[in-house]
């Protein structure tokens, strides 16, 4: 009898049937028992895995939505958003695992900021609620904008699960937070509304320079607080008059300047940066390190000499 | 009460306490088995021949469950051939799905806000949750296979012929119920896999000429799949299709019992059906032979499922559904690959020279308003399924013998070959050798997809976190990153790029010979790194182009453990 025929005419005896059935049932029961015995540990391990994946997903959301105002390292961006990675905000945490692999977050140092503003819930609750519904009332004039609503329930782009992911990502900074002196901390409540120093009235030349700034597209990339320029590609120019004087004195400027004679005054530096954008590349831009070749190099043709003079004069007045 | 007590006392006085208790217990046991005493059952288990008259037929007349089953089978259908127990297994899997499904239902909310979170809860917070979900999913896949094989077997042995035409018809309904039950379950986890597979599926309904948009609206509850669509698919999955299934299983099985299981074709005269005329010496009693046989198969099937889920099988769960992000290489479930293959046929009449085929397409588009996609996917596809319904009514041949049915068996083989060919064309890589159905993108993006797939794991996520050293590395054959695993990964990327430079994909595109790449690892947080693959290459227009793809990796995400 061929093997094929043996297979198709297979008819197990009564004993084989009973035995096979019993053994199968035993296997089924032992599989269930083994799974049951190890299940609590496995559940805990898997919970930690999904927490980790939530942080991965949150990182993606953070870099797409949050880094522009809170900084690529959570260090904060002047005029746009405070630090989220600072020890003041996230505190300091540690992950602890028990013998059953259950992972818990141990708070070594709670968020000082929550204490400062008098938030009664947890830090996670605060992040979830601010991310979702924003901060409706402007309590401080150090920021150009209010925190927007990010939940799709309030007209934003994010789903609830994405907001939970990004909250997990921000809380994860607590394992190794930025020291407070390296982060942009928000003002304490009540101090945010400090009046700004009265701006020096602009001269007619400087007024004309501001018009050039707004008309020639500078505002699309460079923010200046208070004039409606909110670009976030190039460096923020709110204090450029003071900054340029500090810069020409820096070592970095002296060593990294290319193809151009070093500027001796702040105004000269500003003029050089407009005409020869690649001569010196600033380290930090709103979306990461600044890159050469991003800023157009044809402003010598775009601007008349008079427009250029006015623009430099205006920028130099920003201190 | 007093009377019962008096009787009991009298019996104890007459026969003693021990015998009375034994007799009362045996009475209860007999009521439970609907007619078999403890001694009868013991005889069954010992393999004793039945007494005369046979007490073992009593449950078939007294009890509900056994009255559904026949009292005896023909000896010729108790071997593995001709049934292969596929019908039994189909019913077993159906029952199995109901049991595991009810377990999962307890932890599930059919709402886009909660469904995915429920999945995570089932995996991380429900004892046996992952096991049950794996079993439910694997059982569903197995059920599709078993039901399809059951139909193939019925076709091959010619068992759909008179008088079993309607049994076949109800069987095809049950095949459809099985497919749609499985498909409607696909959406429930509310992950990317679910969302896009079902979006593709329901968009086919949208293309139905005339009533498409209305049909689509009926299925989805809104122009796009959302809360309404999820609730509808949930109700299809747990109410509508199981209900249709139970009704048709009842009809189907009634017919099976009414006509008997068809004997092997060579045992009967042509055109005759002798399944119900079983000579006494050929009878195999249901109790105990058939029942123990069935219990054995049930035990083995469930044990295999349980071992599979405990060892190698893990039901997939992708990222949360996102209507704004379509992952690369989105596919329908595998049992609908053939339909997806049909959708890829580029012309109304394929294989014609390009110019003529285009003219024919224009003719059909202008005169009938038919595009190739609508014609092949929405008209031909369902018609192929509908063809199964009419098989017994269009086959005029009364003979069930294999030698007499060469035409029909050839036709069946061709149908199966067509389904397999179209299924191959349905997967993104298409049919090997001739390349029909390939839908890969730009070669550079395919490198990204191969190493950091949009969904699923892929080599970058598989490499353990500790193996990633921070820095920016050029993709080369001899990387030196200081980490053996990262070196291996970079070599693999290098080899993949070289292969794509040397060998054109089925669309004739190669990666430009001057393409270079880099892999950058950044530390984002204490236990979180970002891995970025960048390719610089020359695009088809000769312009420099850059492709960039990144992912974040957490030290504990545990992709390798899946």
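Just so you know, all these numbers are worked out from the coordinates, no wet-lab data involved. Keep in mind it's a predicted model, so treat the numbers as computed, not measured. Counting neighbours? That spans all protein chains shown, and the Cβs are built from the backbone with ideal geometry, glycine included.
Things to note:
- Projected label points at residue A:147 and residue A:259, each 7 Å from Cα along the beta carbon direction, are separated by 4.5 nanometres.
- With Rh defined as the Kirkwood radius, the inverse of the mean 1/r over Cα pairs, the Rg/Rh of the range A:67-182 is 0.98.
- Separation between Cα centres of the range B:398-429 and the range B:66-89, rounded to whole Å: 26 Å
- Rg/Rg_ref, the range A:204-316, where Rg_ref = 2.2 N^0.38 Å and atoms are Cα: 0.99
- Tilt relative to chain B, helix B:129-156 - C-alpha long axis, 0 to 90 degrees, to 10: 80 degrees
- Zero-based 5 Å bins, Cα pair distances in the range A:1-62, whole percents: 4, 14, 9, 11, 10, 9, 8, 7, 7, 7, 6, 5, 2, 0
- Spin-label pair residue A:107/residue A:15, simplified geometry with 7 Å Cα→Cβ offset, distance in nm: 7.0 nm
- Taking the number of Cβ atoms within 10 Å of each Cβ as an exposure proxy, the fewest-first ranking of B:203, B:512, B:90 is B:203, B:512, B:90.
- Relative contact order (percent, whole number), the range A:204-316, Cα cutoff 8 Å, 6+ residue spacing: 35 percent
- Projecting the alpha carbon convex hull of the range B:259-409 along each direction and taking the average yields 17.6 nm².
- For chain B, the longest principal axis of the Cα atoms and the long axis of helix B:381-394 meet at an angle of about 30 degrees.
- Size-normalised alpha-carbon gyration radius of the protein assembly as shown, reference 2.2 N^0.38 Å: 1.27
- Dividing the Cα radius of gyration of the range B:305-363 by its Kirkwood radius returns 1.24 for Rg/Rh.
- With contacts taken as Cα pairs under 8 Å and at least 6 residues apart, chain B reaches a relative contact order of 12 percent.
- Within a Gaussian network of chain A (alpha carbon springs, distance under 10 Å), most fluctuating of A:244, A:129, A:13: A:13
- Only DSSP H runs of four or more residues enter the estimate; each adds -39500 (n - 2.57), and after division by the residues of the protein assembly as shown the mean residue ellipticity at 222 nm equals -15500 deg cm²/dmol.
- Using a Förster distance of 25 Å, the FRET efficiency for residue B:18-residue A:26 (Cβ separation, nearest 0.05): 0.15
- log₁₀ of I(q)/I(0) at q = 0.05, 0.09, 0.12 Å⁻¹ - chain B, Debye sum with one point per alpha carbon: -0.32, -0.90, -1.31
- Here the simple spin-label model places points 7 Å from the Cα toward Cβ, and for residue A:191 and residue A:116 these points are separated by 0.7 nm.
- With 0.36 nm allotted per residue and the present C-alpha distance subtracted, the residue B:356-residue B:61 stretch has 99.3 nm of extension available.
- Global form of the range A:37-93, assessed from the alpha-carbon gyration tensor, a/c cut-off 1.5: oblate
- One way to sum up the overall shape of the range A:103-249 is the equivalent ellipsoid from its Cα gyration tensor, whose semi-axes run 35, 19, 16 Å, largest first.
- Take every Cα pair under 8 Å whose residues are at least 6 apart in sequence, average their separation, divide by the length of chain A, and the relative contact order is 16 percent.
- Taking the centroid of alpha carbons for each part, the range A:215-267 and the range B:445-467 are 41 Å apart.
- At the listed q of 0.10, 0.18 Å⁻¹, the Debye profile of the range B:359-489, built from one uniform point per Cα, gives log10 I(q)/I(0) equal to -0.66, -1.14.
- Plainly put, the range B:334-426 has a radius of gyration that is 1.08 times its Kirkwood radius, both from alpha-carbon atoms, as the Rg/Rh ratio.
- Candidates A:113, A:92, A:11, ranked by Gaussian network fluctuation over chain A, Cα under 10 Å, top entry: A:11
- Peptide A:53-64 shows a mean partner chain C-beta count of 5 within 10 Å per residue C-beta.
- C-alpha long axis of helix B:115-125 to longest principal axis of chain B, angle in °: 70 degrees
- With 5 Å bins beginning at zero, the pair-distance distribution over Cα atoms of the range B:76-164 amounts to 3, 13, 18, 16, 13, 10, 9, 7, 6, 4, 1, 0 %.
- Cα gyration tensor category, rounded, prolate or oblate, for the range B:183-230 with a/c compared to 1.5: prolate
- Relative pair counts by distance (%), Cα atoms of the range B:18-68, 10 Å bins: 26, 50, 23, 1
- Dividing the convex hull volume of the alpha-carbon atoms in the range B:122-265 by its residue count gives 142 Å³ per residue.
- Chain A shape via C-alpha gyration tensor axes, a/c threshold 1.5: prolate
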